Amino acid sequence: MTMFAFPVDLSNDTNGTVQAIVPDVHGCHTFGDTRAEALMLAVDALDTAFAHIVDSNLDLPQPSPARGRPVVVPSVRATLKLHIYDAMRRRKMRKSELARRLKVKPFQIERLLDLMHNSTIDQLDAALRALGVRIKTTEAA
């Protein structure tokens, strides 16, 4: 399981909607008309919650075991940015150091870590490589 796969608690709300709460991520909750919609919207809620965490320079929360609950993961772009953010924190690397390694201006690293900014996959890949991070993928059998 990926380090960003978070279990979701689903419950029927009194007004007929389904509430989705990601208990491991403070403030991450949403509603949908169906369970499927609530889970889909939980991805957006997760991206938003993680954007706040990154903006506040906080440690990333770790997911608890799913124990039969459905899980959600951030969007692909947000997941890549979170891997960059996590690697920088673990290495105690400043944004200016990553900018130097990538030969870019520091404001570009701000954008790279902004989960709502539409960074290109090439930019994210370059940053991951500069940090020595490899994303593991699996192929379907």
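Scan the chain and note any complete DSSP helix (H) whose C-alpha atoms cover at least 18 Å along its axis and whose Kyte-Doolittle average is 0.0 or more.
35-55
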- Query: Viscosity 0.692 mPa s, temperature 37 °C: Stokes-Einstein D of the chain from its Kirkwood Cα radius, in µm² per second?
  - Reply: 204
- Message: Using C-alpha positions alone, give me the convex hull volume of segment 42-112 per residue in cubic angstrom.
- Response: 92
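Once the piece of chain linking residue 103 and residue 17 is laid out straight, how much longer is it, given 0.36 nm per residue of separation minus the C-alpha distance between them?
In short, 26.1 nm is gained.
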- Query: Leaving out ligands, DNA and RNA, what percent of the accessible area of the chain is carbon and sulfur, probe 1.4 Å?
  - Reply: 52
- Query: R0 = 22 Å: FRET efficiency of residue 3 with residue 55, Cβ-based, nearest 0.05?
  - Reply: 0.65
- State the answer as a single residue: which of 82, 102, 112 lies farthest towards the positive end of the charge dipole of segment 75-116, with beta carbon charges of +1 for Lys and Arg and -1 for Asp and Glu, about the Cα centre. 102
- Note on the structure: Taking placed amide H atoms and a strict 5 Å upper bound, the residues 5 or more places from residue 75 or on another chain that come that close are 47
- To the nearest 20 debye, what is the magnitude of the charge dipole of the chain about its Cα centre, counting +1 on the Cβ of each Lys and Arg and -1 on the Cβ of each Asp and Glu? 1020
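The values are calculated or read from the model by the stated rules, or taken from the named source; none is laboratory data. If you're wondering where the values come from, they're calculated on a predicted model, not measured in any experiment. Glycine gets a Cβ as well: all are built from the backbone with ideal geometry, and neighbour counts include every protein chain shown. Side chains are part of the model used for accessible areas, which takes the heavy atoms of the whole protein and leaves out ligands, DNA and RNA. Shrake-Rupley method; radii C 1.70, N 1.55, O 1.52, S 1.80 Å.
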